[in-house]
Amino acid sequence: MNALHEVQVVVIGAGQAGLAGAYHLRRTGLEPERDFVVLDHSPAPGGAWQFRWPSLTYGKVHGMHALPGMELTGADPARPSAEVIGEYFDRYERAFGLRVRRPVDVRAVRAGEGGRLLVETSRGAWSTRALINATGTWDRPFVPRYPGQEAFRGRQSHTARYTGPEEFAGLRVVVVGGGASGTQHLLELAPYAAATTWVTRRPPVFREGPFDQEAGRAAVALVAERVRQGLPPRSVVSVTGLPLNDAIRRGLADGVLDRKPMFDRITPDGVAWDDGRRVAADVILWATGFRAALDHLAPLRLREPGGGIRLDGTRAVADPRVHLVGYGPSASTIGANRAGRAAVRDIGRLLAGQDTAAA
């Protein structure tokens, strides 16, 4: 039987949010392995970035902010973002001695003995006084349901499984989704595919100017209210708009980014609208985002009737020992950095016995 490890804090996930939290735990004087542990189910450093498609180069990344305490400098914008950011995260873990344990799959978090939490994993169990959950969304790709979906004779794929435009050569492709991934897929696919069609639920909003820290904070604020109400969060990216760069301008000018409203149903040979329009398709590519990967927290019963987890800052209102970073208003690189710092500040009060909310 695996031994029960006892620590003060468990961090689940070693993406941007988890590493930010671990960094700030070290800054308070807590030691990795002795006082806290970072568990990551990915095979290597890099968080979800390591799974991004090769043609997503670092220069195309939508609003990447450096981790706290170490800037990302001198990166070649033509290199795949998976390589650039994976190497950066690896350097970061080693520079601050974070000693991330991987691959570790967290199966459940439940109430333990003595007011502690029990974290059950593929590599044993940890008893902890506090938890930073930073599991992100990459493991839960979202595909909406439409009538006729099961009868479609072509192929359906998702951004999470996208490997590059070559796999769509000579095919008629419908790309669904109005975010950065959808537009990037379209711009890449167009020279290879026989035809492309872009559909979105809402008209896309394009914005001028860089995605700087001020823009990031404004986007975070727009998402926070839903989380305070206990509703499932919208992604931060969904409220920032699409950057109107040279590639987007070319796509608009040459008709590749000719947006159509969302279809009403899927047919065996494509998609159709109730007004009689039809588009033939060999592939439907869902660039429809992701949902928070939180199933392992189900035993704690944190969800509100509205379907989300209500937070006070980063703390789960239903259990203030649990902090969610990279969730809702902190589901961006800048938001994750700030949330990691805030979570550790609150956890410090909890460990010192000063947190009346957890009493």
Exposed-site-free run, longest, the chain (rule: chymotrypsin sites (Phe, Trp or Tyr not before Pro); DSSP loop; at most 16 other C-beta within 10 Å): 1-141
Put a dot 7 Å past each Cα toward the Cβ at His5 and Lys260; how far apart are the dots in nm? 5.2
Report the one residue of Pro204, Gly255, Thr28 whose Cα lies farthest in the direction of the positive end of the charge dipole of the chain (charges on C-beta: Lys and Arg +1, Asp and Glu -1; origin at the Cα centre). Thr28
If the chain between Ala280 and Ala66 were fully stretched, how many nm would it gain, using 0.36 nm times the residue separation less the Cα-Cα distance? 72.7 nm
DSSP-defined antiparallel bridges as percent of all bridges, the chain, nearest 5: 40
Contour excess over end-to-end distance, with Cα ends at Asp312 and Thr73 and 0.36 nm allotted per residue: 82.6 nm
Between Ala253 and Tyr146, what is the label-to-label distance in nm when each label sits 7 Å out along the Cα-to-Cβ direction? 3.0
Could you tell me how far the Cα centroid of the stretch 108-130 sits from the Cα centroid of the stretch 20-50, in Å? 17
Determine the gain in length on full extension of the stretch Arg27-Val205; use 0.36 nm per residue of separation and subtract their C-alpha separation, reporting nm with one decimal. 60.1 nm
MRE, 222 nm, helices only [DSSP H, n ≥ 4, -39500 (n - 2.57), over the chain, to nearest 500]: -7000 deg cm²/dmol
Placing +1 at every Lys and Arg Cβ and -1 at every Asp and Glu Cβ, with all other atoms neutral, what dipole size does the chain have around its Cα centre, in debye to the nearest 20? 620
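Each value in this text was obtained by applying a stated rule to the coordinates, not by laboratory testing. Here the structure is a predicted model, which is why all the values come from computation and not from measurement. Here the Cβ is made from the backbone with ideal geometry for all residues, glycine too, and neighbour counts use every protein chain on show.
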